[in-house]
Amino acid sequence: MDIKITPSLLKGAVNIPASKSCAHRVIISAALAGGKSVITGVTMSKDIDATMNAMSALGASFSVHGETITVEGIEVPTTKAVIDCNESGSTLRFIMPIAAALGTDSEFNGRGRLPQRPIDIYKRELGKNGVKFVTAEMPYRLRGKLKGGRYEIEGNVSSQFVTGLLFALPLIEEDSEIVLTSHLESAPYVDITIDILSRFGIVIDRTENGFFIKGGQQYRAHDEKIEGDYSQAAFFCVANALGSDVELGNLFPESVQGDKRIFDIVSEACENGRITSFKADCSDIPDLVPILSVFGAFGTGESVIFNAERLRIKESDRLATTAAMLNELGGDVTVTDDGLIIRPTGNMHGGVVDGAGDHRIVMAAAIAATRTSGEVMIKGAEAAEKSYPDFFKDYSKLGGSINVIHLE
């Protein structure tokens, strides 16, 4: 789907969709618990569908009614499962060790850029602890049952490997230890995992250089409401900084989501109604990079994003596609080894943006379009459905001027 946006500021109120990060984790925890859990406030998306389908393949059952999911936890794990992760890296990396811990011979499929997302850490660490990778590339076929023990994990590749093991290792009879061999980037996502696990009865102990996981733990059924997603709120937060007036609902102030930082960064870089500049270490907040770059493009000084090299292996090479998007619209963005340099041009004129199959690029371009001097065409705008299916519906309700040019 290609859409054309005529520049227009946004005004009104929007309920921020449920946190995708929280929803993944709550759905998995509920599926691993005995009995029934009721999850409310869920924003359905392709990634969430992938995680539910994956846990169904392992033996859980789900009933969906609007934004409510009723989960019947796994009673007896399946012995063999074919798991379609679609394009969801979270689904792949969270559930792979879970299937191994349950003793399920599994096959993992996916599409888009997912087959290129690295899982070498699992090949090495699961391989040392009872699991055999029958295939080296997707579709990944795993055999054997995961054992407890010592898991050495590089923290600078993806926190998703840590989260996957934190889900799986409590299910094993033996105790286990996760040892971080480098700084843990995206640490707030692990904080979310531990917080949600605790509500389902799982205890994770932090150590000096990682985590200790007592074996033989049991997940307990628990009803949960999913909080709003600060990574999605970030788009409207920046829209407000660019002159819009959007009231944001469904956000939990006490949230441990790292992407809450968007509000601090924006506040600190705004003076007397104008955007100055900022420097942002994005090692813990990689999802904010595209929309932060839009924010910087309308500033008055040079902004710098660093420690974001892992964005090269997202749905797109997100450093390259963010720069390409803004440069097409009249910006001046340079890709560095680990981030971006954004220089003001004072001439964000609009243009044609390739969505690159990346939901965050598409949504960031739409927010930039509220302040360009000319129209913005976004090709492949349907990518937004991956995490925020109603984004353009909400955008339009807030006064955004959208025309669908091509509908596939």
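For the chain, build the charge dipole from Cβ charges (+1 Lys, Arg; -1 Asp, Glu) around the Cα centre, then report which of T68, Y140, G89 sits farthest towards its positive end.
Y140
So, with a 1.4 angstrom probe, what is the percent of accessible area on the chain that is carbon and sulfur?
The value for the chain is 47 percent carbon and sulfur by accessible area.
Toward the positive end of the charge dipole of segment 232-294, about the Cα centre and with charges on Cβ (Lys, Arg +1; Asp, Glu -1), which of S277, V289, Q257 goes farthest?
With unit charges placed on the Cβ atoms, the residue in question is S277.
Expressed as a rounded percentage, what relative contact order does the chain have, with Cα pairs under 8 Å and six or more residues apart?
Reported relative contact order: 21 percent.
Under the rule of -39500 (n - 2.57) per DSSP H run of 4 or more residues, summed and divided by the residues of the chain, what mean residue ellipticity at 222 nm is obtained, to the nearest 500 deg cm²/dmol?
Helices in the chain give a 222 nm mean residue ellipticity of -9000 deg cm²/dmol.
Over all directions, average the projected area of the Cα convex hull of the chain and note it in nm².
Across all orientations, the chain yields a mean hull projection of 18.1 nm².
How much accessible area does D205 have with a 1.4 Å probe, in Å² rounded to the nearest 10?
70
Using just the Cα positions, wrap segment 1-128 in a convex hull and report its mean projected area in square nanometres, one decimal place.
10.3
State whether segment 239-303 is rounded, prolate or oblate according to the following rule on the C-alpha gyration tensor (a ≥ b ≥ c being the square roots of its eigenvalues): a/c under 1.5 gives rounded; otherwise a/b larger than b/c gives prolate, and the remaining case gives oblate.
Oblate is the answer for segment 239-303, as a/c is 1.5 or above yet b/c matches or exceeds a/b.
Sort H24, H349, H183, H222 from largest to smallest accessible area, using a 1.4 Å probe on the heavy atoms of the protein chains.
The most accessible residue leads, giving H183, H349, H222, H24.
Just list whichever of K36/K132; K123/K145; K20/K386; K80/K132; K46/K80; K80/K145 have alpha carbons separated by over 22 Å in the model shown.
K36/K132; K46/K80
Let's see if you can work this out: charge +1 on each Lys and Arg Cβ, -1 on each Asp and Glu Cβ, no other charges. What is the dipole magnitude of the chain about its Cα centre, in debye to the nearest 20?
640
Please compute the net charge surrounding G12, taking Lys and Arg as +1 and Asp and Glu as -1 over other residues with Cβ under 15 Å from its Cβ.
-1
Under a 1.4 angstrom probe, counting protein chains only, how are R310, R206 ranked by accessible area, largest first?
Heavy-atom accessible area, descending, gives R206, R310.
If you roll a 1.4 Å probe over the heavy atoms of the protein chains, what accessible area per residue do you get for the chain, in Å²?
38
In what sequence, highest mean first, do 184-193, 70-79 appear when ranked by Cβ atoms within 10 angstrom?
184-193, 70-79
Shape call for segment 303-408 from the C-alpha gyration tensor, a ≥ b ≥ c root eigenvalues: rounded (a/c under 1.5), prolate (a/b greater than b/c) or oblate?
Note, shape of segment 303-408 comes out oblate.
Gap in Å between the Cα centre of segment 118-171 and the Cα centre of segment 205-258?
25
Report the Rg/Rh value for segment 198-317, based on alpha-carbon coordinates and the Kirkwood definition of Rh.
Using Cα coordinates only, the ratio equals 1.07.
Taking the Cα centre as origin and putting +1 on Lys and Arg beta-carbons and -1 on Asp and Glu beta-carbons, what dipole magnitude results for segment 243-343, to the nearest 20 debye?
Charge dipole of segment 243-343: 140 debye, to the nearest 20.
What does the charge count near S61 come to, summing +1 for each Lys or Arg and -1 for each Asp or Glu among other residues with Cβ under 12 Å from its Cβ?
Net local charge, S61 excluded: -1.
Provide I204, I48 ordered by accessible surface of protein heavy atoms (probe 1.4 Å), highest first.
Descending accessible area places them as I204, I48.
Take the alpha carbon gyration tensor of segment 98-249, find the square roots of its eigenvalues, order them as a ≥ b ≥ c, and report rounded if a/c is under 1.5; if not, report prolate when a/b exceeds b/c, else oblate.
Prolate.
Once you charge only the Cβ atoms, +1 for Lys and Arg and -1 for Asp and Glu, what is the size of the charge dipole of segment 266-408 about its Cα centre, to the nearest 20 debye?
280
For R124, what charge total do you get from the other residues with a beta carbon under 15 Å from its beta carbon, if Lys and Arg give +1 and Asp and Glu give -1?
So the environment of R124 carries a net charge of +2.
Scan around V353 for amide H atoms under 5 Å from its own, H built in the peptide plane at 1.01 Å from N, and keep only partners 5 or more places away or cross-chain.
Under 5 Å from the amide H of V353 lie the amide H atoms of M377, I378, K379, each far enough along the sequence or on another chain.
The values are calculated or read from the model by the stated rules, or taken from the named source; none is laboratory data. Quick caveat: nothing in here was measured; it's all calculated off a predicted structure. Glycine gets a Cβ as well: all are built from the backbone with ideal geometry, and neighbour counts include every protein chain shown. Quick note on the areas: whole protein, heavy atoms, side chains included, nothing else; ligands and nucleic acids left out. Shrake-Rupley method; radii C 1.70, N 1.55, O 1.52, S 1.80 Å.
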